[in-house]
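Notes follow the structure.
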Number of protein chains: 4
Amino acid sequence: MDLTPYQLNEYLFDAFPATAKAGYRCTDLGEGWAEAHWTYDASALRPGGYIPGPTMFTLADLALWFAIFTKIGIEGMAVTTDMTMHFLRPAMGGNLVGRAELTKVGRRLAHGKIDLWIDGDAERLVAFGSGAYAIPA
Amino acid sequence: MDLTPYQLNEYLFDAFPATAKAGYRCTDLGEGWAEAHWTYDASALRPGGYIPGPTMFTLADLALWFAIFTKIGIEGMAVTTDMTMHFLRPAMGGNLVGRAELTKVGRRLAHGKIDLWIDGDAERLVAFGSGAYAIPA
Amino acid sequence: MDLTPYQLNEYLFDAFPATAKAGYRCTDLGEGWAEAHWTYDASALRPGGYIPGPTMFTLADLALWFAIFTKIGIEGMAVTTDMTMHFLRPAMGGNLVGRAELTKVGRRLAHGKIDLWIDGDAERLVAFGSGAYAIPA
Amino acid sequence: MDLTPYQLNEYLFDAFPATAKAGYRCTDLGEGWAEAHWTYDASALRPGGYIPGPTMFTLADLALWFAIFTKIGIEGMAVTTDMTMHFLRPAMGGNLVGRAELTKVGRRLAHGKIDLWIDGDAERLVAFGSGAYAIPA
């Protein structure tokens with residue numbers, strides 16, 4: 001695997017510009033895993049000043065997509081088939097980090113799980129996700 | 001319950017302006033259910049020209065929030081505790097509709113399920129969600 | 001589709017005898033849906049006298065399997081890829097009913113949702129599930 | 001925390017005898033985690049000779065219950081509110097192991113995740129779950 005975060009972010013800007021502009025980036029990756037960040041944006045919070053659930057979903061979904069790319073290459077047509085999010089505690093006051101790890105890459109489906117935390121506080125997950133992507137034939 | 005979609009949309013613009021501006025609206029509601037729309041935006045699609053998974057999550061999450069408000073009033077601090085999305089088929093070519101129905105409103109948690117389809121094609125769900133919100137004490 | 005509940009129950013006894021003996025049965029079915037029952041068994045309750053979560057999962061999983069058979073015929077090697085259960089209220093005092101409806105049957109995956117209630121009280125769901133089965137090639 | 005697997009298994013036999021007799025046991029535990037086993041039983045397999053999904057759900061649910069007890073003591077009335085299972089590959093040929101880790105223990109809800117594998121092959125998860133229990137007031 002020769003992918004770099006830089007390549008994934010270039011691809012993201014190209015294929016998914018609205019998401020890229022909203023502050024999502026790949027920050028690190030390796031065989032079977034990827035880390036992504038959402039840059040804190042005080043204008044995009046939910047009541048209470050919390051990072052919204054959909055922002056956390058977006059980061060989880062994206063981190064898992066990136067993790068799959070480390071196994072099958074950049075494949076924009078890999079699409080989520082299911083995703084479950086558990087929201088554990090208020091997410092606030094900093095950049096959001098999501099780290100996806102693949103649990104299985106099959107021929108048709110790739111499964112993984114994603115931990116989310118506020119940068120600098122990795123010990124206290126703010127959310128946790130698991131899901132699967134369908135891999136194009 | 002005297003809530004109207006107009007009131008919920010005013011609240012949305014106030015409490016969650018980025019989401020309101022991105023084209024999400026309450027369109028209908030009744031005791032224990034609510035319908036919401038995302039206005040099709042060709043600049044916000046994912047590779048393939050599909051409506052992205054996070055957009056569907058956002059609409060599902062929002063429709064469920066609105067449905068809960070029909071039971072407990074507008075309560076911005078009701079927060080999602082978990083949400084599962086199943087993505088069934090490509091969502092494309094029109095406004096996205098989400099209809100949430102509550103399955104249980106308890107003292108601490110409210111559960112519901114959400115059907116999503118492209119406006120005009122309600123027979124073919126594009127996604128399906130289920131989840132729960134924690135209700136503030 | 002010529003399947004009958006009787007045929008499915010015969011198959012269940014043959015393929016899955018421990019489950020059949022534990023009191024699970026198909027009770028009704030039609031194109032794209034199936035209903036199954038678990039016969040109340042006071043010796044198999046959890047603390048509080050409630051029907052256990054795993055019993056509800058088993059019934060949901062089975063009802064969805066049966067619903068898929070109404071579309072593709074009896075196919076024992078269809079296996080669950082994911083299932084989410086929401087437990088809404090205590091399940092007690094009667095037979096458990098599960099009704100699965102397919103939301104999508106694709107070439108590789110079949111998705112559906114399942115309502116569970118105590119027989120005679122269909123208005124008050126005790127649990128709700130959604131999930132997918134992988135269909136053998 | 002002074003809990004031992006022995007105490008949990010005694011409790012299981014007392015409170016949940018059918019489950020105990022079906023071969024589920026706590027095998028290890030520590031602050032915030034627990035491991036449980038299901039003893040392989042060739043008479044309880046699904047078509048294909050695989051360990052059935054409901055058996056995996058049961059072990060996941062139980063391991064998470066035990067993990068919660070390491071934080072709040074044995075509390076039979078802690079009940080599952082939601083659980084998502086991802087089934088990754090066929091589970092066969094040995095005892096099933098489930099290891100639950102808590103991700104958050106709140107006042108009202110405790111969340112955790114559960115890895116499942118065949119004894120001796122921990123590197124290849126057969127299933128993965130995440131869920132929450134409601135803690136009695």
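The values are calculated or read from the model by the stated rules, or taken from the named source; none is laboratory data. Bear in mind that the values here come from a model prediction, so they are computed numbers and not experimental data. Using ideal geometry, Cβ is built from the backbone for each residue, glycine included, and neighbour counts are taken over all protein chains shown.
If D:Trp117 satisfies every condition in (1) of a type in the set (Phe, Trp, Tyr); (2) within 10 Å of another protein chain (Cβ to nearest Cβ); (3) free of Cβ contacts under 8 Å to residues at least 40 places away in the same chain but one, which is the exception?
For D:Trp117, the failing item is (2).
Please determine whether any residue of the stretch A:30-38 is in contact with a Phe, Trp or Tyr (Cβ under 8 Å, 6 or more places away or on another chain), assigned to a helix (DSSP H, G or I) and either closer than 21 Å to B:Leu62 by Cα or modelled with pLDDT of 95 or more (or both).
No.
How many residues are free of Cβ contacts under 8 Å to residues at least 60 places away in the same chain and within 14 Å of the chain's Cα centre (by Cα) when one looks only at the stretch B:1-12?
Summing the residues that are free of Cβ contacts under 8 Å to residues at least 60 places away in the same chain and within 14 Å of the chain's Cα centre (by Cα) in the stretch B:1-12 gives 3.
Any residue at all in the stretch A:46-53 that is out of contact with any helix residue (DSSP H, G or I) (no Cβ under 9 Å at 6 or more places or on another chain), under 24 Å from B:Ser43 (Cα atoms) and aliphatic (A, V, I, L, M)?
The answer is no, given that none of the residues of the stretch A:46-53 is out of contact with any helix residue (DSSP H, G or I) (no Cβ under 9 Å at 6 or more places or on another chain), under 24 Å from B:Ser43 (Cα atoms) and aliphatic (A, V, I, L, M).
Of all residues being assigned to a loop (DSSP other than H, G, I, E, B) and of a type in the set (A, V, I, L, M) in the stretch C:1-12, which is surrounded by the fewest Cβ atoms within 10 Å (Cβ to Cβ)? Just the residue, please.
C:Met1
Test of understanding: among D:Ala15, D:Ala60, D:Ala42, which residue is surrounded by fewer than 18 Cβ atoms within 10 Å (Cβ to Cβ), within 11 Å of chain C (Cβ to nearest Cβ) and in contact (Cβ under 8 Å) with a residue 40 or more places away in the chain?
Criteria check complete, one pass: D:Ala15.
Can you name the residue in the stretch C:63-77 that is of a type in the set (A, V, I, L, M, F, W, C) and over 14 Å from the mean Cα position of the chain (by Cα) and, of all such residues, is farthest from the other protein chains (Cβ to nearest Cβ)?
C:Ile72
Go through the stretch B:117-137 and count every residue that is surrounded by fewer than 21 Cβ atoms within 10 Å (Cβ to Cβ) and either at positive phi or polar (S, T, N, Q) (or both).
Number of matching residues: 1.
So, in the stretch B:24-39, of the ones that are among the aliphatic types (A, V, I, L, M) and touching a strand residue (DSSP E or B) at 6+ places or on another chain (Cβ under 6 Å), which residue ends up surrounded by the most Cβ atoms within 10 Å (Cβ to Cβ)?
Out of the qualifying residues, it is B:Ala36.
Can you tell which of A:Gly49, A:Gly112, A:Gly98, A:Gly129 is more than 8 Å from chain B (Cβ to nearest Cβ) and at pLDDT below 95?
That would be A:Gly49, the only listed residue that is more than 8 Å from chain B (Cβ to nearest Cβ) and at pLDDT below 95.
Would it be correct to say that D:Ala20 is surrounded by 21 or more Cβ atoms within 10 Å (Cβ to Cβ) and of a type in the set (Gly, Ala, Ser)?
No: the conditions fail for D:Ala20.
I need the full set of residues from the stretch A:91-116 which are of a type in the set (A, V, I, L, M, F, W, C) and surrounded by fewer than 21 Cβ atoms within 10 Å (Cβ to Cβ), in order please.
A:Met92, A:Leu102, A:Val105
For the structure I just gave you, tell me whether C:Ala134 is under 26 Å from D:Gly129 (Cα atoms), within 14 Å of chain D (Cβ to nearest Cβ) and touching a Cys at 6+ places or on another chain (Cβ under 6 Å).
No; evaluated as a whole, the condition is false for this residue.
Only one of these conditions is not met by B:Ile68: (1) in contact with a helix residue (DSSP H, G or I) (Cβ under 7 Å, 6 or more places away or on another chain); (2) more than 30 Å from C:Thr80 (Cα to Cα). Which number is it?
(1)
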